Amino acid sequence: MSRAPSAGVLGIGVFLPEEVRTNDWWPEPVVERWRAQARESFLSSAREPELPDLGPGAQAILAGMASVEADPFRGVRERRVMPPGMVASDMEAAAARQALAAAGVSPGEVDLLLSHSQLPDYLGQPTAARVHHLLGLSPRCFSFGVDASSNAFLSQLSVAEQLVRSGRARHALLVQSSGWQHIVPRELPQSAWFGDAATAVVVGPVRDGLGLLGQAHGTDGSLFDALVVGTPGGRWYDGKPVTLYPAEPRQTREMLIGIADRGKWALDAALAEAALGPEDVRFYACHQSTAWFRAVTQAFFGLTSAASYDFFPRTGSLSASNIPFALAMAEREGRLQEGDVVATHAGGSGICWSSAVLRWGR
């Protein structure tokens, strides 16, 4: 009986729009108002948490939050912005072409396409179909969207790995894009936290011992209203402006406070499945939804031997593209080498969270 192939990353592509939006794009009166409101923000560590059992994980998160409270931009200096007329599927297709070239895989060899667009071209349909068309993929390529917010990449990776290992797909193309700043009014501080980008990852068979070694996934629907895209006081389809906001600020607070503890559970479980420990990890790639996320979680997870790649100040959060972007940049700069054990962690609104452990290489 033939053994199921190992599945891993064959190539990554990145697309960043040319326009750079710096912090001086926001009028000074708006920024001053953000400063005045900072202590009332759901991100303020000075507020009473009103949560039981404030352990070391929560304390680490509060310290991270406090480290950027004096900065109304929360550590972001610049971010990329799509030009007028560009949509998510355009960015995703550009990143996908780069990923396919890096992997040495032709469009006709892609059997599975998974997409996640934080700012989709249209509501009610995934961008996968248009990306499929733009790339000229085979009509037999199975294409659909994976709706897991900022956790979409690790969710896509789990699905792709199963289909590659089962033989249902030889090569899978995973695409992700970010664009929340286009639905947040300029006068709100959230408008400064995100940047536009797209990434793409080709997953396929790799040599034994490489590829995805372990994974773990969690969900807590009791925090469903922590951070949403909708219409405050109504529904997004009521015809009023749609924006990003905390529907239930206390849930937002609890979601943030629990980041480290939830992440440690997931990463420990993924490492255990891989029969590895934190000391074996050589590179750590995570969500980077804030300036402090990577440093705080890496220290709390005990990944003392791992390299990393920080980009939040130069791009803002890239949502589901955060982990692929970190992996791509680290590989290009030589921080990520063949055979390195890679630990990943991300979480998304809803809420859901995941960790995956891979051994890098083909």
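The values are calculated or read from the model by the stated rules, or taken from the named source; none is laboratory data. Owing to the predicted nature of the structure, the values given are computational and were not obtained by experimental measurement. Backbone-built Cβ (ideal geometry, glycine too); neighbour counts: all protein chains shown.
One table, with the values for the structure above:
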quantity	calculated
Condition check for P232: surrounded by fewer than 21 Cβ atoms within 10 Å (Cβ to Cβ), over 21 Å from A148 (Cα atoms) and either within 18 Å of the chain's Cα centre (by Cα) or not aliphatic (A, V, I, L, M) (or both)	yes
Selected residue (only one of A129, A169 is at pLDDT 95 or above and within 26 Å of Y237 (Cβ to Cβ))	A129
Yes/no for Q288 being within 20 Å of Q118 (Cα to Cα), in contact (Cβ under 8 Å) with a residue 12 or more places away in the chain and not in a helix (DSSP H, G or I)	yes
Breaking point among (1) of a type outside the set (K, R); (2) in a strand (DSSP E or B); (3) within 30 Å of V30 (Cβ to Cβ), for G85	(2)
Answer residue from segment 312-356, given it is among the acidic types (D, E) and not in a helix (DSSP H, G or I) and is nearest to G11 (Cα to Cα) among those	E338
Within segment 267-283, tally of residues that are surrounded by fewer than 19 Cβ atoms within 10 Å (Cβ to Cβ), on the phi < 0 side of the Ramachandran plot and hydrophobic (A, V, I, L, M, F, W, C)	3
Matching residues in segment 123-141 - criterion: being within 25 Å of C352 (Cα to Cα) and surrounded by 15 or more Cβ atoms within 10 Å (Cβ to Cβ)	P126, T127, A128
Search result, residues across segment 53-65 that are part of a helix (DSSP H, G or I) and more than 18 Å from A192 (Cα to Cα)	P56, G57, A58, Q59, A60, I61, L62, A63, G64
Qualifying strands (runs of 3 or more DSSP E) (wholly inside segment 175-247; at least 2 residues being at pLDDT below 95)	228-230, 243-245
